[in-house]
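Working notes, structure below.
The values are calculated or read from the model by the stated rules, or taken from the named source; none is laboratory data. Keep in mind it's a predicted model, so treat the numbers as computed, not measured. Using ideal geometry, Cβ is built from the backbone for each residue, glycine included, and neighbour counts are taken over all protein chains shown. Only protein heavy atoms, including side chains, enter the accessible area calculation; ligands, DNA and RNA are left aside. Shrake-Rupley method; radii C 1.70, N 1.55, O 1.52, S 1.80 Å.
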Amino acid sequence: MSYLKSKFHHPNLARNELGLTYRDYEGSLSTLCAGCGHDAVGAALVQACFELSIEPHKVAKLSGIGCSSKAPTYFLGKSHGFNTVHGRMPSVATGASMANRSLKYIGMSGDGDTASIGMGQFAHVVRRRLNMTYVVANNGVYGLTKGQTAATADKGSKTKKGEEIMWGAIDLPTMALQLGATFVARSFSGDKEQLVPLLKAAICHEGFAFIDIMSPCVTFNNHATSTRSYDYVREHVEEGNITDFVPSQEEITTSYPEGESKDICLHDGSILRLHKGINGFDPQDRFAAINAIEQHRAKGEILTGLLYCDPTLRDMHDFLGTTDTPLNSLDEKTLCPGNHALDGINNSFR
């Protein structure tokens, strides 16, 4: 049986600066399980791109294998897309970015795709600070192959069949911090109010932006003994800060709740505004972020919000001095300067 998504929408839908509506950023009809957190992640990406007035054809979305990697089909249907081999999304994203750095790159991955088979690729794309937004929809299981536990499942939690997890969990935000990511955050698919500003900030960040999103699997990991179920995550989420993203062209008039606040100016001049809670920490201190993650994990809590951001560090293109012009726009003489250029390179090594 096949399904078609209705194109009908209200004629007075809100439009962004490009004259586009929210519906212009949607994708195909989702075939994920009803209630899957991944659909909420896709909806948040649609909302973020709509509010940022990003031209859909200037986005490239890439993924690997798994339920999470099916999700890009269901958002940004007018953008470029590439579904890679399992765990190999980072290398394809790197090649595409080297060929055309003018696009916005959004990588959509899962815990199995990133924390197991793709771990090597994940480590190096973080270390090289590729300019992209890397999203992991983390549900702790391999949903596409019927619920085997993933490397992010917590030790001591149980599978749907009652088997206890005996191995410690890999914490991806901690790894990203240790490997040099310049933007690291964690959120919950059921918290759109927090997730959308974080995605907007990540997309506008010039450098490697990583977001780990708790995205419960309603079919295989939403039971009473799971630490990735909707109920468990809702009860154990600890918000490290309240985040808002303010585009540079808008006047900053937000009123402040109680507690300390801090504005971080991103490369494009946009402002990432943080309101610290009682247990807040400096989001520009990498070590403080790692300590906060570990402290909350020891208490059985999941720390969410912006964990770290440094807009001053260079990205991969800055290090390599790549051209701003997409390679398909360069003429043959520029792309192939001739033997004298090759001789010059060879002589430089002698």
Open item on the list: Springs between alpha-carbon pairs under 10 angstrom, Gaussian network model over the chain: which of T304, T149, T219 fluctuates most?
Closed with: T219
- [ ] Per residue of the stretch 308-316, in order, report the coupling 6.51 cos²θ - 1.76 cosθ + 1.60 (Karplus, θ = phi - 60°) as ³J(HN,Hα) in whole Hz, putting x for Gly and Pro.
- [x] 7, 8, 10, x, 9, 6, 7, 9, 4
- [ ] Show the residues, 5+ positions off or on another chain, whose built amide H is closer than 5 Å to the amide H of A150.
- [x] V141, Y142
Task: nm² value of the averaged projected area, convex hull over the Cα atoms of the stretch 1-80 - done: 5.9
TODO: May I ask which residue of G27, Q284, S189 lies farthest towards the positive end of the charge dipole of the chain, with charges of +1 (Lys, Arg) and -1 (Asp, Glu) on Cβ and the Cα centre as origin?
DONE: G27
TODO: Could you state the orientation-averaged shadow area of the convex hull built on the Cα atoms of the stretch 1-143, in nm² to one decimal?
DONE: 9.2
Task: For the stretch 60-119: rounded, prolate or oblate by the Cα gyration tensor [a/c cutoff 1.5] - done: oblate
Open item on the list: With a 1.4 Å probe and all protein chains left in place, how much of the accessible area of the stretch 1-113 comes from carbon and sulfur atoms, in whole percent?
Closed with: 59
TODO: Hey, for a label at C33 modelled as a point 7 Å past Cα toward Cβ, could you say which residues of the stretch 79-96 have their backbone N under 19 Å away?
DONE: none
Task: Backbone HN-Hα couplings from phi across the stretch 334-339 [Karplus 6.51/-1.76/1.60, Hz, Gly and Pro as x] - done: 6, 6, 10, x, x, 5
Task: Where F287, F220 fall by accessible area, highest first, once all protein chains stay in place (1.4 Å) - done: F287, F220
- [ ] Would you kindly derive the ³J(HN,Hα) couplings of the stretch 61-74 from the backbone phi angles with the Karplus curve 6.51 cos²θ - 1.76 cosθ + 1.60 (θ = phi - 60°), listing them in order in whole Hz, with x for Gly and Pro?
- [x] 10, 10, 8, x, 10, x, 4, 4, 7, 6, 4, x, 5, 9
Open item on the list: Probe radius 1.4 Å, ligands and nucleic acids left out: which of D111, D39, D231, D310 has the largest accessible area, and how do the rest follow?
Closed with: D231, D39, D310, D111
TODO: For every helix of n ≥ 4 consecutive DSSP H residues, a contribution of -39,500 (n - 2.57) applies; sum these over the chain, divide by its total residues, and give [θ] at 222 nm rounded to the nearest 500 deg cm²/dmol.
DONE: -8500 deg cm²/dmol
Open item on the list: Keeping every protein chain present and rolling a 1.4 Å probe, give me the accessible area per residue for the chain in Å².
Closed with: 49
Task: Amide hydrogen neighbours beyond the local backbone of E238, cut-off 5 Å, H modeled - done: I302, L303, T304
Task: Per-selection metrics, the stretch 68-226 (Cα): Rg and Dmax in Å - done: 15.5, 49
TODO: For D318, D324, D212, give the ranking by accessible area with the largest first, probe 1.4 Å.
DONE: D324, D318, D212
Task: Nearest-ten-degree value, helix 37-51 long axis tilted from longest Cα axis of the chain - done: 50
Task: Global geometry of the chain, whether rounded, prolate or oblate, following the gyration tensor of its Cα atoms and the 1.5 cut on a/c - done: rounded
TODO: Can you tell me the FRET efficiency between N339 and A99 if r is taken as the Cβ-Cβ distance and R0 is 22 Å, rounded to the nearest 0.05?
DONE: 0.40
Task: Degrees between helix 89-99 axis and first principal axis of the chain (Cα, 0 to 90, nearest 10) - done: 30
TODO: Specify the residue with the greatest mean-square fluctuation among A34, A288, A99, computed from a Gaussian network of the chain linking alpha-carbon atoms under 10 Å apart.
DONE: A34
Task: Amide H within-cut-off set for G107, under 5 Å, with H built and near neighbours excluded - done: L62, T133, Y134, V135
- [ ] Report the residue, chosen from L52, L330, L130, that carries the largest GNM mean-square fluctuation when the chain is represented by alpha-carbon nodes joined by springs under 10 Å.
- [x] L330
- [ ] Give me the accessible area of S30, 1.4 Å probe, in Å² rounded to the nearest 10.
- [x] 40
